[in-house]
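In what follows, a structure is listed as structure tokens, so that the remarks can point back to it.
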Amino acid sequence: MDKLTLEIFIDNLGKINDRIAQTCEAVSRDKREVVLLPVTKTHGIWAIRYALEQGFKVVGENRVQEVKEKKPQIIAQDKILQWELIGHLQSNKAKDAVELFDRIQSVDSLKLLNKLNTHATAMGKKLPILLQCNAGDDPNKYGFTKDQMDQALEQALNAHSLKVEGLMTIAPLDDNPDRAKACFETLRGLRDALDARFGVELKELSMGMTQDLESAIEAGSTMIRVGAALFGSRS
């Protein structure tokens, strides 16, 4: 898709913010508890600049190579831009990911977890991460199974160069909205159980996208990931 005008982006942003605010009001949550992460993957540098102009300090991207190409082009002047990886990461690209990203949401295997810790240690970096859980039991999605989450969290907490800040999930693509709702409620319950069991505070629940953000907020999401509804369909 061609580049959107800034005016259309601002209009799109207003619509998403309205949905977030209305849902928070309906479930008696403070809208400041829910962060909107603009997902700029597959869009040009213009999308990142639009986000910066509207006050965003963080963007979400899916691919290491794409950020490797984009990052040098961004001159944020006095503004701070952080990059979050929300897509599946192959372990052979873990070193580049540690160098490029400020947080990795899609830590979905013990092998990847160990690789990230090794590279972060070598770079003297404390890398924030989220553990990705396949909370909807979707065979087409990456992530630890619910039964694997205890082991994953224990190993992550023992990885001295990683900082576990919460959990992430992607709901199954389904015409039945109850599947997304069940997925999000499962992750929330799992997070609460892990908090209690390990005596930690996993503050971040990254769950919900354009089509299911209302269900995610109702279930306790702290971060909504939105791309196409802001920037248009992806090229």
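The values are calculated or read from the model by the stated rules, or taken from the named source; none is laboratory data. What you see is a predicted model; the values in this text were computed from it and never measured. Glycine also receives a Cβ, built like all others from the backbone with ideal geometry; neighbour counts cover every protein chain displayed. Please note that ligands, DNA and RNA were not included when accessible areas were found on the heavy atoms of the full protein model with its side chains. Shrake-Rupley method; radii C 1.70, N 1.55, O 1.52, S 1.80 Å.
Okay, here's what the table says:
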quantity	calculated
Condition check for Lys70: open to solvent by less than 30 Å² (accessible area, probe 1.4 Å), modelled with pLDDT under 95 and not in a strand (DSSP E or B)	yes
Identity of the residue in region 197-210, part of a loop (DSSP other than H, G, I, E, B) and over 13 Å from Gly166 (Cβ atoms), that ends up most open to solvent (accessible area, probe 1.4 Å)	Gly199
Condition met for Lys95 (in contact (Cβ under 8 Å) with a residue 60 or more places away in the chain, of a type outside the set (A, V, I, L, M) and open to solvent by 70 Å² or more (accessible area, probe 1.4 Å))	no
Pairs, first among the basic types (Lys, Arg) in region 183-200, second in a helix (DSSP H, G or I) and open to solvent by less than 40 Å² (accessible area, probe 1.4 Å), C-beta under 9 Å, six or more apart	Arg188/Ala219; Arg197/Leu153
Search result, residues across region 30-55 that are part of a loop (DSSP other than H, G, I, E, B) and among the hydrophobic types (A, V, I, L, M, F, W, C)	Val34
Verdict on Asn140 being open to solvent by 10 Å² or more (accessible area, probe 1.4 Å), farther than 30 Å from Asp178 by Cα and in contact (Cβ under 8 Å) with a residue 24 or more places away in the chain	no
Failed condition for Thr5, given (1) within 23 Å of Leu112 (Cβ to Cβ); (2) exposed (fewer than 15 other Cβ atoms within 10 Å of the Cβ); (3) of a type in the set (S, T, N, Q)	(1)
Residue within region 124-143 that is in a helix (DSSP H, G or I) and either closer than 30 Å to Leu6 by Cα or out of contact with any Phe, Trp or Tyr (no Cβ under 6 Å at 6 or more places or on another chain) (or both) present	no
Out of Leu213, Leu194, sole residue that is part of a helix (DSSP H, G or I), in contact with a Leu (Cβ under 6 Å, 6 or more places away or on another chain) and open to solvent by less than 40 Å² (accessible area, probe 1.4 Å)	Leu194
For Gly166: the one exception among (1) open to solvent by less than 50 Å² (accessible area, probe 1.4 Å); (2) in contact with a Ser or Thr (Cβ under 9 Å, 6 or more places away or on another chain); (3) assigned to a loop (DSSP other than H, G, I, E, B)	(3)
Restricting region 102-130 to residues that are of a type in the set (Lys, Arg) and more than 23 Å from Asp147 (Cβ to Cβ), the residue that is most open to solvent (accessible area, probe 1.4 Å)	Lys126
Flag for Val59 being of a type outside the set (Gly, Ala, Ser) and either more than 30 Å from Asn176 (Cα to Cα) or out of contact with any Ser or Thr (no Cβ under 6 Å at 6 or more places or on another chain) (or both)	no
Boolean, Ile20 is within 15 Å of Met223 (Cα to Cα), among the aliphatic types (A, V, I, L, M), crowded, with 18+ Cβ neighbours inside 10 Å and in contact with a Lys or Arg (Cβ under 9 Å, 6 or more places away or on another chain)	yes
Close pairs from region 62-79: first among the aliphatic types (A, V, I, L, M), partner at pLDDT below 85 and surrounded by 11 or more Cβ atoms within 10 Å (Cβ to Cβ), Cβ under 6 Å, at least 6 apart	none
